[in-house]
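Undergrad: What follows is a structure written as structure tokens; I'll ask about it next.
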Amino acid sequence: MKSSPSIHPQRRALLVAGGALLAWPAWPQSVQAPVRILVGAPAGGTTDTMARTLATELGRALGRTVVVENRPGAGGNIAAEAVAKAVPDGSTLLMSFTSHAINASLFPSLPFDPERDFTPLTMVSTSPALLVAHPSLPANNLRELIALAKSRPGKLNFAIGAMGSSVHMAGEAFKMMSGTYIVNIPYKGTAPAIQDVLAGQVELMFANVGNAQAHIKAGKLKLLGVTSPARLPAFPETPAIGEVLAGYQSSAWFGLFGPGRMAPELARRLSDAARQAVVSPEVKRRIEFEGATPVGNTPDEFARFVREEIARWSKVVKYSGAKPE
């Protein structure tokens with residue numbers, strides 16, 4: 001029988017996987033308690049939104065209730081430690097983010113191993129950042145910015161919403177690859193950081209799409225570049241920074257993990273359910289509304305990605321000299 005040409009190959013594979021889920025035996029009575037997704041960030045943030053967006057569809061696919069529990073602090077390490085030490089029975093999962101890889105080198109010691117103590121299930125989404133400036137900055141493109149920064153070493157500033165975050169490291173990678181010296185001004189959160197850029201107190205900032213898009217459209221911020229490998233459909237005239245600094249790319253990512261030592265068949269079941277949820281119309285719509293791109297890759301692909309991220313960010317953290325707050 002021929003497959004319908006209107007169904008994307010990845011979606012077709014996940015639909016098949018979704019059907020396979022129904023063939024699994026019911027969960028044992030002993031594990032009928034809700035599945036908890038721990039989030040190492042406060043309620044209302046992007047990581048929390050991604051977890052809550054996924055929870056309902058994931059629960060439907062698993063035939064279990066899925067709840068989200070926020071355990072913010074230490075750059076996500078409090079939630080990660082709880083999952084790393086949890087029983088690997090599928091009842092405790094982690095929605096983590098880019099800092100999972102950054103923290104491996106940012107913190108002198110961690111109470112867990114970011115690779116060995118977790119079972120990667122799937123990457124849920126990625127979200128690039130935007131390099132924005134106050135309109136008064138006398139640079140209208142990336143080359144002009146680099147030339148200006150080199151002519152004024154230490155005179156330009158980056159607003160940093162959170163030290164050790166993906167947008168902080170995006171700025172460090174930019175400075176490392178462009179050979180510029182731009183001073184970091186740390187803030188306790190994205191909101192006060194972007195307000196000072198809007199007010200002209202700080203010239204530059206790497207910001208998430210959702211935080212900056214409206215200000216760019218209103219002409220209150222100048223968009224100089226995007227951190228994704230290619231230009232964004234929403235800003236087709238704005239170059240990817242990699243067009244000027246070859247090899248540059250930096251995107252926040254959000255992914256679902258279980259504890260380490262999880263049985264392969266259980267990990268496969270959880271991954272299939274999560275990937276099925278990611279491509280569902282409602283979850284896909286909510287992810288895109290946040291300015292992110294749904295992914296839903298395989299556990300092996302996600303594990304390889306995390307390994308590469310840890311190695312990549314270790315070079316940037318070493319260059320920056322950043323220390324945990």
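Undergrad: Pick out the one residue from Ala273, Ala267, Ala277, Ala263 that is in the same structural domain as Val35 (by TED's automatic domain parsing), within 18 Å of the chain's Cα centre (by Cα) and at pLDDT 95 or above.
TA: Answer to the check: Ala277.
Undergrad: Looking at (1) assigned to a loop (DSSP other than H, G, I, E, B); (2) under 17 Å from Arg307 (Cα atoms); (3) among the β-branched types (Val, Ile, Thr), find the lone condition where Val87 falls short.
TA: Unmet for Val87, out of (1) assigned to a loop (DSSP other than H, G, I, E, B); (2) under 17 Å from Arg307 (Cα atoms); (3) among the β-branched types (Val, Ile, Thr): (2).
Undergrad: Search segment 65-85 for residues that are farther than 22 Å from Ala277 by Cβ and at pLDDT 95 or above and pair each with any residue that is of a type in the set (D, E, K, R) and not in a helix (DSSP H, G or I) when their beta-carbon atoms are under 7 Å apart and the residues are at least 6 apart or on different chains.
TA: Cβ pairs passing all conditions: Ile78/Arg71; Ala82/Arg71; Ala84/Asp117.
Undergrad: Shifting gears a bit: I'd like the full set of residues that are over 22 Å from Val183 (Cα atoms) and more than 23 Å from the chain's Cα centre (by Cα), limited to segment 195-219.
TA: Lys217, Ala218, Gly219, listed by residue number.
Undergrad: Would you confirm, using the coordinates I've provided, whether Glu282 is assigned to a helix (DSSP H, G or I), free of Cβ contacts under 8 Å to residues at least 24 places away in the same chain and assigned by TED's automatic domain parsing to the domain that holds Ala82?
TA: No, not satisfied.
Undergrad: Where the second residue is β-branched (Val, Ile, Thr) and surrounded by fewer than 22 Cβ atoms within 10 Å (Cβ to Cβ) and the first is outside any loop (DSSP other than H, G, I, E, B) and lies in segment 248-273, which pairs have Cβ atoms under 6 Å and are six or more apart or on separate chains?
TA: Sorted first by the residue in segment 248-273, then by its partner, the pairs are Ser251/Thr126; Trp253/Thr126.
Undergrad: For Ala273, all conditions in the list (1) closer than 29 Å to Ala230 by Cα; (2) crowded, with 23+ Cβ neighbours inside 10 Å hold save one; what is the number of the exception?
TA: For Ala273, the exception is condition (1).
The values are calculated or read from the model by the stated rules, or taken from the named source; none is laboratory data. These numbers come from a predicted model, not from an experiment. Heads up, the Cβs are rebuilt from the backbone with ideal geometry, glycines too, and the neighbour counts pull from every protein chain shown.
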